[in-house]
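Here's the structure, in structure tokens; my notes come after.
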Amino acid sequence: MPDLPDQPTSSEHASDLIARACPVTEVIDRVAGKWSILIIIAVADAPARFTELERAIDGISRRMLTLTLRNLERDGLLTRTVYATVPPKVDYRLTEMARELLVALQTLTAWAERHRGDITAARLDYDATLASGILHP
């Protein structure tokens with residue numbers, strides 16, 4: 001009878017899952033950040049200049065806007081175009097990959113809007129259960 005490969009242990013399963021999820025987690029962490037989402041939405045309809053983004057995104061610092069734009073460009077989600085004018089004009093545009101991401105964000109937004117009441121009700125039920133003294137094990 002041929003030797004069968006050893007069955008993986010539960011810790012091997014866990015480490016395999018973590019290894020496979022790691023790149024996904026990295027991407028989601030990058031694109032799901034508050035500033036990244038707001039920038040993607042702000043650039044969705046038309047190219048935007050740095051100062052336009054700075055005005056459009058309430059609460060973002062110049063430094064955070066610069067860092068987030070660089071990261072989105074590095075990840076292939078934005079293109080940065082520099083025009084040879086005085087002073088230089090720079091604008092940012094979504095790539096096709098970012099447009100695909102935008103569709104996913106819109107789907108997630110629609111889901112959240114549809115289920116906002118359900119989530120609020122579930123939270124109230126959960127909090128009431130905890131307040132009544134019935135604790136989870």
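The values are calculated or read from the model by the stated rules, or taken from the named source; none is laboratory data. On a predicted model such as this, the values are computed, not experimentally measured, just so you know. Reconstructed Cβ throughout: ideal geometry from the backbone, glycine too, with neighbour counts over all protein chains shown.
Selection of segment 25-62 for residues being touching a residue at least 40 places away in the same chain (Cβ under 8 Å) and in a loop (DSSP other than H, G, I, E, B) yields VAL43, ALA44, PRO47.
For segment 67-109, the tally of residues that are out of contact with any helix residue (DSSP H, G or I) (no Cβ under 8 Å at 6 or more places or on another chain) and under 16 Å from GLU54 (Cβ atoms) stands at 5. Among the residues making up segment 63-82, those that are outside any helix (DSSP H, G or I) and either farther than 29 Å from VAL24 by Cα or polar (S, T, N, Q) (or both) are THR79, THR81, VAL82. Looking at this structure, is ASP91 loosely packed, with under 10 Cβ neighbours inside 10 Å, at pLDDT 95 or above and not aliphatic (A, V, I, L, M)? So ASP91 fails the test.
Checking the conditions here, which among GLU113, GLU100 is acidic (Asp, Glu), part of a helix (DSSP H, G or I) and either in contact with a Pro (Cβ under 6 Å, 6 or more places away or on another chain) or surrounded by 10 or more Cβ atoms within 10 Å (Cβ to Cβ) (or both)?
On the way: GLU113 fails: either in contact with a Pro (Cβ under 6 Å, 6 or more places away or on another chain) or surrounded by 10 or more Cβ atoms within 10 Å (Cβ to Cβ) (or both).
Matching residue, one of GLU113, GLU100: GLU100.
From the list THR85, THR120, the lone residue that is assigned to a loop (DSSP other than H, G, I, E, B), over 16 Å from the mean Cα position of the chain (by Cα) and free of Cβ contacts under 8 Å to residues at least 12 places away in the same chain is THR85.
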